[in-house]
Amino acid sequence: MPNCTACGAPLETPVACAACGAVHDVPEGASPFDILGLVPSFVVDERDLRRRLTRCSRLVHPDFFGTAEAAVRERAERNSARLNQAFDVLSDAVRRADWLVLHLGGPTEENERAMPQAFLVEVLEWNEVLEESRAASGTDPRIAPLAAEIADRRAAGLARIAQLLDPLPERGSQQLGVARRELNALRYLDRALREVETLRLARAERR
């Protein structure tokens, strides 16, 4: 992390200086990890992450710059938004993994659409239950167990991604492609969980 250009103090975050209060222009290539003063890693201490957000946000909160020059106010607002965006990425394990895969030269979702082979068999079974449940007029007793099964599979998928990305693999490693396929599976699981919840709510409204 560079030093403050105004006072020379070390910067915890590129958004502003805690020592003198100067608000800086964030470098274009600053990563979410850079913005919150962290080294890139899949493993993140959530309490520390939130503390960093709170501490850094105080430096650029727009309310503190009401009488500042327009350029400074705009910079503070822009940096406040950048902090929140960085936190949103790093506080979500799936988004954090997606960022790391891309940062390390792994495939994009568009370039690698496949999912783990064994997962596809489970998908066929789940789709069958969902299709039948959509067509059913009454309560489907399979929905609650299905939701629990999908949630368990999601937790297992996140655990596999953690194994693949901790420690971080070398740039361009084949592990990144495997991680991308697991991420594709997680996105399906999230959609399936949302659909299960929609079906559950629809059944509840009919009672």
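The number of residues in region 161-207 that are over 22 Å from residue 150 (Cβ atoms), among the polar types (S, T, N, Q) and surrounded by 15 or more Cβ atoms within 10 Å (Cβ to Cβ) comes to 2.
Filtering region 42-68 to residues that are modelled with pLDDT under 95 and loosely packed, with under 12 Cβ neighbours inside 10 Å leaves 63, 66, 67.
Looking across region 1-55, just one residue is closer than 21 Å to residue 72 by Cβ, hydroxyl-bearing (Ser, Thr, Tyr) and touching a helix residue (DSSP H, G or I) at 6+ places or on another chain (Cβ under 9 Å), and that is 13.
Among the residues of region 148-166, the ones that are in contact (Cβ under 8 Å) with a residue 12 or more places away in the chain and not acidic (Asp, Glu) come to 11 in all.
Looking only at residues of region 13-40 that are acidic (Asp, Glu) and farther than 12 Å from residue 83 by Cβ, we find that the one that is surrounded by the most Cβ atoms within 10 Å (Cβ to Cβ) is 25.
Just for region 129-184: of the residues that are charged (D, E, K, R) and more than 22 Å from the chain's Cα centre (by Cα), which one is farthest from residue 200 (Cα to Cα)? In this case the residue turns out to be 149.
Comparison of 36, 53, 49, 59 shows that the only residue that is outside the structural domain of residue 165 (by TED's automatic domain parsing) and farther than 12 Å from residue 90 by Cβ is 59. For region 98-117, the set of residues classified as surrounded by 12 or more Cβ atoms within 10 Å (Cβ to Cβ) and part of a helix (DSSP H, G or I) consists of 98, 99, 100, 101, 102, 103, listed by residue number.
Yes or no, residue by residue, for (1) at pLDDT 95 or above; (2) in a helix (DSSP H, G or I); (3) closer than 19 Å to residue 105 by Cα:
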{"residue": "119", "(1), (2), (3)": "no, yes, no"}
{"residue": "124", "(1), (2), (3)": "no, yes, no"}
{"residue": "137", "(1), (2), (3)": "no, no, no"}
{"residue": "147", "(1), (2), (3)": "no, yes, no"}
{"residue": "153", "(1), (2), (3)": "yes, yes, no"}
{"residue": "169", "(1), (2), (3)": "yes, no, yes"}
{"residue": "172", "(1), (2), (3)": "yes, no, yes"}
{"residue": "182", "(1), (2), (3)": "yes, yes, yes"}
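The values are calculated or read from the model by the stated rules, or taken from the named source; none is laboratory data. All figures in this text were calculated on a predicted structure; none of them were measured in a lab. All Cβ positions, even for glycine, are placed from backbone atoms using ideal geometry, and neighbour counts span all protein chains on display.
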